[in-house]
Amino acid sequence: MTTPAAFALSELNKGELIWFDPGVGHALPGEVLEYHKPAQVLTVQAVIAGKPQIFSLTSANGLKRRQDLGQNGIDDMIQLTDLNEASLLWNLKIRYEKELIYTYTGSILVAVNPYKMYDMYGLDMVKKYEGQILGTLPPHLFAIGSAAYSGLSKCNQAVVISGESGSGKTESTKLVMQYLAAVNKSPSNLITEQILEASPLLESFGNAKTVRNDNSSRFGKYLEVYFKEYVFRCISIFFFFFSFIH
Ligand SMILES: Nc1ncnc2c1ncn2[C@@H]1O[C@H](COP(=O)(O)OP(=O)(O)OP(=O)(O)O)[C@@H](O)[C@H]1O
């Protein structure tokens, strides 16, 4: 059901940004081209699959004004004034197309799986994010790792990684562990290497190829990493199997 608009079509000017549904069942991001007064028709342009398309609207029902998210979108979606499902997804899409796969929603990091490795997880990035307060630098998994590592001085920390199959949970877990290993102040690399190398070993027992993911975990994973004075001590890994049969 479309919601009645808070404004009339005639109130919209050329260049204004709107959300509209031309009957496709979801909102599209459009830009007003013109309002034709005698015919009472609003002409709107929307870019669909990279191609500009023109729509003629005769009713303002379901129309909403849309925030201009700029070239790179907004890196913390708490700042969205136009808060709805379409604007969240639109922001993530704009950013994804600019290879900005991470976006904050406050202290939550949203990651969009790029299915290709960007050069953004090196030691230079570890150094950049080390000791930085969450939100001071662009969104990144290492910022989450850094917040957790810094927070250890006060109390135990938890990083919850969730998402649908193939969304990148396992890779993200490994990257957070990689960050923790890189900032770990241990004089010996042995425990660090053992912890990092536990993942591929365990994957060989518990992963399988599915239609969604060539390397799909067939179990839930709970990792506990123990530190003493900021040095890796050991890791406990618990698996829980539930309805992972697809
Ligand atoms: N940050 C990333 N950069 C590049 N590629 C990634 C990233 N995260 C995930 N991928 C790619 O996506 C694939 C699926 O990711 P992953 O196995 O982490 O998903 P998952 O959420 O753990 O899935 P499942 O729940 O099925 O185990 C990886 O094999 C990798 O190719």
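Listed here are the residues, each with its yes/no results for (1) more than 14 Å from the ligand (Cβ to nearest atom); (2) over 13 Å from the mean Cα position of the chain (by Cα); (3) not assigned by TED's automatic domain parsing to the domain that holds Arg218.
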| site | (1), (2), (3) |
| --- | --- |
| Thr81 | yes, yes, yes |
| Leu89 | yes, no, yes |
| Leu100 | no, no, yes |
| Gly106 | yes, no, yes |
| Leu109 | no, no, yes |
| Met120 | no, yes, yes |
| Lys154 | yes, yes, no |
| Gly163 | no, no, no |
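What are the residues in segment 142-162 that are in a loop (DSSP other than H, G, I, E, B) and either free of Cβ contacts under 8 Å to residues at least 12 places away in the same chain or over 19 Å from Tyr222 (Cβ atoms) (or both), if any?
Ser153, Lys154, Cys155, Asn156, Gln157, Ala158, Val160, Ser162
Just for segment 165-189: of the residues that are surrounded by 13 or more Cβ atoms within 10 Å (Cβ to Cβ), among the hydroxyl-bearing types (Ser, Thr, Tyr) and in a loop (DSSP other than H, G, I, E, B), which one is farthest from the ligand (Cβ to nearest atom)?
Restricting to residues being surrounded by 13 or more Cβ atoms within 10 Å (Cβ to Cβ), among the hydroxyl-bearing types (Ser, Thr, Tyr) and in a loop (DSSP other than H, G, I, E, B), the top hit is Ser186.
Starting from segment 202-227, keep only residues that are at pLDDT 85 or above and aliphatic (A, V, I, L, M), then list their pairs with residues that are in a loop (DSSP other than H, G, I, E, B) and within 7 Å of the ligand (Cβ to nearest atom) whose Cβ atoms are within a distance under 6 Å, requiring at least 6 positions of separation or different chains.
Short answer, once both residue conditions are applied: none.
The values are calculated or read from the model by the stated rules, or taken from the named source; none is laboratory data. Remember, it's a predicted structure, so these values are computed and weren't measured experimentally. Positions of Cβ are generated from backbone atoms using ideal geometry, with glycine treated the same way; all protein chains shown enter the neighbour counts.
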